[in-house]
């Protein structure tokens, strides 16, 4: 007898890497939900614990692109944690959870009595994961933090943009995203260690730590060589030539900075004479004379269309590529092949697409198992599974401790 679609779906979910891991998601905004999205995508059972009102964390539309993109594969319980009854419900849920993820201001979780030290006694195996603005302790520990503030404090805005144009933020909230990615990694390491020790752990990161970590080579320039990086616009800060060059139709990126690639590049452009220019024989010399070098290269590349140069340079192994608008990104054949536009069908939008995961596991196809939940959509269901009877659920509902979508 053939399997039913439900049986097939359950079997597929059970085969996911994080099947059986239960997550309590107390996050708002973006950094925390980014962490939980990783865990949810790979099979964790995620219970999103939300306040009964204004729970989207954005002050916007729950059915809008931002919420929908962040909160697939989760269930929602709308729970008033400021009430003693609501806190009791959370404690009961935490007793059987594997992971709690939160990104409240540091003092908020302590005021509510739901910090790690409050939950650890009832569940020593619990992994409690936090993202803050600036760290759990220290002179800025109590401050609120958002992505752009961290970009500024962490040096990013002084190395982004064109020289002399003033500080510039990155075009995406990459500090939020990086902090969420790092916290998901920390959760996985703690889960792995728990298999050996049987004990949970408190793991945390912050926007400021994530930003400083992502400075990477620019930070190492200062720490090791005492160089203060500045804005280099579209040019790589140290590797030359590497940046944006004009063509007959639209600009392209070219990266030909190694000695071998520089020689191949000059020959491909019919300008072997560039290799005899004394200032351009070394990377250091090319860097010092970058303005003249870029202008000279641009005079050649602007004579042919972008497709000509991309085809030519790709054939000889010189990294290059077009500069796409976001709509062009998702028309790119390689992006289509990688299935980065993940299909999802919702009651209000019908068939739509959200951003797919960038993690690939052989034999597992990425998909949306649950569409993003409405506020409190699964409140009663979650409480029933936690052992609450119908009368108890009705009482919690009457007291306003829970609400349902």
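The values are calculated or read from the model by the stated rules, or taken from the named source; none is laboratory data. This is a predicted model, so every value here is computed, not measured. Backbone-built Cβ (ideal geometry, glycine too); neighbour counts: all protein chains shown.
What about residue 319, is it touching a residue at least 60 places away in the same chain (Cβ under 8 Å), loosely packed, with under 14 Cβ neighbours inside 10 Å and closer than 19 Å to residue 253 by Cα? Don't jump to the end; show me each part of the working.
Details: touching a residue at least 60 places away in the same chain (Cβ under 8 Å): yes; loosely packed, with under 14 Cβ neighbours inside 10 Å: yes; closer than 19 Å to residue 253 by Cα: yes.
So residue 319 fits the description; yes.
For segment 49-68, the criterion of being modelled with pLDDT of 95 or more, under 21 Å from residue 182 (Cα atoms) and in contact with a helix residue (DSSP H, G or I) (Cβ under 6 Å, 6 or more places away or on another chain) is satisfied by no residue at all. Please specify each residue of segment 215-228 satisfying the condition of being over 19 Å from residue 171 (Cβ atoms) and either touching a strand residue (DSSP E or B) at 6+ places or on another chain (Cβ under 8 Å) or part of a loop (DSSP other than H, G, I, E, B) (or both). Result: 226, 227, 228. In this structure, is residue 189 over 27 Å from residue 98 (Cα atoms) and under 26 Å from the mean Cα position of the chain (by Cα)? No, not satisfied.
Would you check if residue 368 is surrounded by 15 or more Cβ atoms within 10 Å (Cβ to Cβ) and modelled with pLDDT of 95 or more? Here the answer is yes, as residue 368 does meet what is asked. In this structure, is residue 284 in the same structural domain as residue 262 (by TED's automatic domain parsing) and surrounded by fewer than 13 Cβ atoms within 10 Å (Cβ to Cβ)? Yes, satisfied. The single residue among 169, 125 that is in the same structural domain as residue 93 (by TED's automatic domain parsing), in contact with a helix residue (DSSP H, G or I) (Cβ under 7 Å, 6 or more places away or on another chain) and free of Cβ contacts under 8 Å to residues at least 24 places away in the same chain turns out to be 169.
Selection within segment 380-404: residues that are touching a residue at least 24 places away in the same chain (Cβ under 8 Å) and out of contact with any helix residue (DSSP H, G or I) (no Cβ under 8 Å at 6 or more places or on another chain). The member of this set that is surrounded by the most Cβ atoms within 10 Å (Cβ to Cβ) is 381.
Criterion first (modelled with pLDDT of 95 or more, closer than 15 Å to residue 268 by Cβ and surrounded by 13 or more Cβ atoms within 10 Å (Cβ to Cβ)) does residue 293 satisfy it? Step through it out loud before you land on a result.
Working: modelled with pLDDT of 95 or more: yes; closer than 15 Å to residue 268 by Cβ: no; surrounded by 13 or more Cβ atoms within 10 Å (Cβ to Cβ): yes.
Criteria not met by residue 293.
Among the residues of segment 116-127, write down those that are assigned to a loop (DSSP other than H, G, I, E, B) and surrounded by 21 or more Cβ atoms within 10 Å (Cβ to Cβ). So that I can check it myself, show each step before the final result.
Going residue by residue through segment 116-127, those that are assigned to a loop (DSSP other than H, G, I, E, B) are 123-126.
Result: 126, single match.
Among the residues of segment 78-98, is any assigned by TED's automatic domain parsing to the domain that holds residue 180, part of a loop (DSSP other than H, G, I, E, B) and within 20 Å of the chain's Cα centre (by Cα)? For segment 78-98, residues assigned by TED's automatic domain parsing to the domain that holds residue 180, part of a loop (DSSP other than H, G, I, E, B) and within 20 Å of the chain's Cα centre (by Cα): absent. Scanning segment 351-364 for residues that are over 20 Å from the mean Cα position of the chain (by Cα) and outside the structural domain of residue 73 (by TED's automatic domain parsing) turns up at least one hit.
Among the residues making up segment 243-261, those that are under 30 Å from the mean Cα position of the chain (by Cα) and crowded, with 19+ Cβ neighbours inside 10 Å are 243, 245, 252, 254, 256, 257.
Can you confirm whether segment 206-214 contains a residue that is within 21 Å of the chain's Cα centre (by Cα), part of a strand (DSSP E or B) and in the same structural domain as residue 118 (by TED's automatic domain parsing)?
yes
Between 80, 103, the distinction of being in contact with a helix residue (DSSP H, G or I) (Cβ under 6 Å, 6 or more places away or on another chain), over 26 Å from residue 397 (Cβ atoms) and modelled with pLDDT of 95 or more belongs to 103 only. Annotation for segment 79-88: no member residue is touching a strand residue (DSSP E or B) at 6+ places or on another chain (Cβ under 8 Å) and over 25 Å from residue 62 (Cβ atoms).
Only residues that are within 15 Å of residue 287 (Cβ to Cβ), out of contact with any strand residue (DSSP E or B) (no Cβ under 6 Å at 6 or more places or on another chain) and outside the structural domain of residue 300 (by TED's automatic domain parsing) were counted across segment 242-274, and they come to 1.
Scan segment 128-153 for residues that are assigned to a loop (DSSP other than H, G, I, E, B) and either crowded, with 21+ Cβ neighbours inside 10 Å or in contact with a strand residue (DSSP E or B) (Cβ under 8 Å, 6 or more places away or on another chain) (or both) and the total you get is 6. Each residue in segment 1-47 was checked for being on the phi < 0 side of the Ramachandran plot and at pLDDT 95 or above, and 28 pass.
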